[in-house]
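> One structure follows; several queries about it will come next.
The values are calculated or read from the model by the stated rules, or taken from the named source; none is laboratory data. Values in this document were obtained by computation on a predicted structure and should not be read as measured data. Heads up, the Cβs are rebuilt from the backbone with ideal geometry, glycines too, and the neighbour counts pull from every protein chain shown. The accessibility values were calculated without ligands, DNA or RNA, using every heavy atom of the protein model including side chains. Shrake-Rupley method; radii C 1.70, N 1.55, O 1.52, S 1.80 Å.
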Amino acid sequence: MKVSCEEMTFDEAKASGAIGLFENKYGDKVKVYTIGDFSKEICGGPHVEHTGDMGTFKIKKEEASSAGVRRIKAVLIKA
């Protein structure tokens, strides 16, 4: 899937539905990365243009983030 990036203010990012976990760490402008209609996050990058560019990954940890939301930690496996 295509990964898109937009730059906007932190307030615009939050209003657009982007998730950002480190609110006190962001500057005046932030990058918002979107994948399809299921992932929209504030992040500093660098990132890929398509999810297939990453290759294979292995899930290292899985946990509850909030009600009805799961979080995974995954690492990329070298090809």
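> Accessible area per residue for the chain in Å², computed with a 1.4 Å probe and the full protein assembly in place, what is it? Write down the numbers at each step before the final one.
Working: 6300 Å² over 79 residues.
Result: 80 Å² of accessible area for each residue.
> Per DSSP H run of n ≥ 4, the term is -39500 (n - 2.57); total these for the chain, divide by its residue number, and report the mean residue ellipticity at 222 nm rounded to 500 deg cm²/dmol.
Numbers: 1 runs with 6 residues, N = 79.
Only helices count here, giving -1500 deg cm²/dmol.
> Okay, moving on. Which of the chymotrypsin sites (Phe, Trp or Tyr not before Pro) found in the chain are loop residues per DSSP with 11 or fewer other Cβ atoms within 10 Å of their Cβ? Kindly include the intermediate steps, with their values, before the conclusion.
On the way: sites: Phe10, Phe22, Tyr26, Tyr33, Phe38, Phe57; in loops: Phe22, Tyr26, Phe38.
Answer in residue order: Phe22, Phe38.
> Under 10 Å, Cα contacts only: if you run a Gaussian network model on the chain, which one of Val30, Val48, Val69 comes out with the highest mean-square fluctuation?
Ranking Val30, Val48, Val69 by mean-square fluctuation puts Val69 first.
> Return the subset of Lys2/Lys29; Lys2/Lys31; Lys29/Lys61 for which the Cα-Cα distance in this structure is over 26 Å, preserving the input order. Write out the running numbers ahead of the final one.
Values: Lys2/Lys29 22 Å; Lys2/Lys31 16 Å; Lys29/Lys61 31 Å.
As for pairs spanning more than 26 Å Cα to Cα, those are Lys29/Lys61.
> For Ser66 paired with Ser16, estimate the spin-label separation in nm (one decimal), with each label point 7 Å from Cα along the Cα-to-Cβ line.
1.9 nm
> So for the pair Val3, Lys78, with labels modelled 7 Å out along Cα→Cβ, what separation do we get in nm?
Output for this residue pair reads 2.0 nm.
> Hand me the trypsin sites (Lys or Arg not before Pro) from the chain located in a DSSP loop with no more than 10 other Cβ atoms within 10 Å, in residue order please.
Taking the chain and a limit of 10 other Cβ atoms within 10 Å, the loop trypsin sites (Lys or Arg not before Pro) found are Lys78.
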